[in-house]
Each structure stands twice: as C-alpha cells, then as structure tokens.
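Novice: Please find one structure pasted underneath; my questions will follow.
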Amino acid sequence: MGCFECCIKCLGGVPYASLVATILCFSGVALFCGCGHVALTGTVTILENHFSKITSDHAVLTDVIQLMQYIIYGIASFFFLYGIILLAEGFYTTSAVKELHSEFKTTICGRCISGMFVFLTYILGVAWLGVFGFSAVPVFLFYNMWSTCAALRSPVANITSLDSICVDVRQYGIIPWNAVPGKACGSTLGDICNTSEFYLSYHLYIVACAGAGATVIALIHFLMILSANWAYLKDASHMHAYQDIKTREEQELQDIQSRSKECLNSYS
C-alpha cells in the first residue's frame, strides 16, 4: 500500500461529526467558563463599589459567587475529559463500522458503553438547557441597567429630573432590602454605566450565554451521533451473528456432502 492510499484509509476512519461536535463543545464550555468567571468577579466589584457599601449585606452573595466560580472550574475539567472520551468513542465506533466485514467484532460491553453515553449525554443536554436559561438572567439584568443609562442620555431625560431615573438592584433579590444605598440614580447611575467593570461584565455575560447555547448545540449533536453509532453497532452485532450462523450452516452442509460422497464411494 502506497503513502497516498494509507493516508486515504486513515482519513476514512476519522469521525468528522464527532470531531466537529467536540470542537464546538470545547469552544462553548471555554467561552462560558472563562467569560462567566471574569463577569462574576466584575459583578462583585460593581456591587461593592456602588450598591452595597457594607460588607455584611452582600456576604452571602459573595460566597455564592465564589461557589459558582469553583463550579465553573469543575465544569471545565469535566467537559474537557468528557469531550475527549466521546471523541475516542467516535473513533471506536467508526472503526467498528468500517471493519464490519472483517474479523473485528463488537462486544456486548462496547454496546452497553455506547448506550450509557447516549443516556449520560441526554442528561447533560437537559442540564445545560437549564444552564443556558440561567445564564440569560444576568444578561437581562445588565440590559435593563444599560437601557436605563441610555434613557439618561436621551432628549426626554434632559427635560425631566435625572434623579427620577434609578436602578434598584434590591428588587431582583441580589442584595437584601436593608442594603445601603441599594440603588443608583441620575448622574451616579451614569457613572456606573461608564465604568469598565460594567461594560466588560455586560458583554462577557452575553458571550457566556452564547457559549452555553453553543454547548447545548454540541451536546445535541453528540446525542444524534451517539444514537446513530449505537444503532450501527447493534446492526453490526446482528450482521456478525448472521454471518456466524451462515458460516456454521455452510460448514455443516459441506460436512454432509463430504459424508455422502464417502458413503457413495464405499458402496461403489
């Protein structure tokens, strides 16, 4: 076999669908974890500097955000390993299908593992739908603040009192109602919207939400691939069983024919 034929054979065994899904999954998880981590840190800075001057008022929120950041570390590590495992499973299944008519045979353990991956990927897909919806909440909150700041710069806002335009984060349940000051109005609100923390956190939350959506799409892609691969392995198992039965029947038929010839020869 020449070098070109060898390269073609190697490329034919690459699970391109699994490879695309893995790249999309890694990209989505990286965007969600990286941008979400930085955006959470910026959110704490905004709250401490402008909405909650007393540390005890937002101590619970700070602990929750730190816990979420640790969870982000775990999500990144888990999906890095899980994506590699699914890609390896794609290589295994592709090899099994490519070698369907050779000595390569699928085992019951291999089919059970493929079925387990289908179930686990389905559960993770449902969980990431919840993560995607949850990641849209801070985007909505920051968009409300951004739109309020845009109202400050509108011609109508120049006519009315600027102090009548406020953002009260206590109504979202982020900090308790006794937090001081708890809200920002007028020029103070405009100064918050002009800070780098607000601008960066807002756009990072948008990117994190997009990353969560990309991860959901990648898991749906993986689910379709795994379901198809499991069906291929099941068909391959049935095909091998049929070939084994056919081989045994042909062997038995040949044995009967050979014994019949021996009996005819003995009578003659």
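The values are calculated or read from the model by the stated rules, or taken from the named source; none is laboratory data. These numbers were taken from a predicted model, which means no experiment stands behind them. A quick note on method: Cβ atoms are made from the backbone with ideal geometry, for glycine too, and the neighbour counts reach across all protein chains shown. For the accessible areas, the whole protein counts, side chains as well, though only heavy atoms, and no ligand, DNA or RNA atoms are used. Shrake-Rupley method; radii C 1.70, N 1.55, O 1.52, S 1.80 Å.
Novice: Please turn the phi angles of region 194-208 into ³J(HN,Hα) values with the Karplus equation 6.51 cos²θ - 1.76 cosθ + 1.60 (θ = phi - 60°), one per residue in order, whole Hz, x for glycine and proline.
Specialist: 8, 6, 5, 4, 5, 4, 5, 5, 4, 6, 5, 5, 5, 5, 5
Novice: Moving to a separate point now. With all protein chains present and a 1.4 Å probe, how do His203, His221 order by accessible area, largest first?
Specialist: Details: His203 75, His221 50 Å².
In descending accessible area the options line up as His203, His221.
Novice: May I ask you to rank Ser201, Ser27, Ser164 by accessible area, largest first, using a 1.4 Å probe over the protein chains only? Provide the component values of the computation, followed by the final result.
Specialist: Values: Ser201 5, Ser27 60, Ser164 85 Å².
Per-residue accessible area, sorted high to low, gives Ser164, Ser27, Ser201.
Novice: Assuming R0 = 45 Å, can you tell me the calculated FRET efficiency for the pair Thr195 and Thr247, based on Cβ-Cβ distance, to the nearest 0.05?
Specialist: Values: r = 76 Å, r/R0 = 1.68.
Once rounded, the FRET efficiency stands at 0.05.
Novice: Residue-wise, which Karplus ³J(HN,Hα) couplings in Hz belong to region 131-140, taking 6.51 cos²θ - 1.76 cosθ + 1.60, θ = phi - 60°, and x for glycine or proline?
Specialist: Per-residue couplings from phi come out as 5, 4, x, 5, 5, 7, 5, x, 4, 5 Hz.
Novice: Return P(r) of region 109-155 (all Cα-Cα pairs; 10 Å bins starting at 0; whole %; ordered from short to long distances).
Specialist: Each 10 Å bin holds this share of Cα pairs: 23, 23, 19, 15, 11, 7, 2.
Novice: Could you work out the equivalent-ellipsoid semi-axes for region 11-66, taking the square root of 5 times each eigenvalue of the Cα gyration tensor, largest first, in whole Å? Please report the intermediate quantities before stating the final value.
Specialist: Values: eigenvalues 348, 17, 5 Å².
One finds semi-axes of 42, 9, 5 Å for region 11-66.
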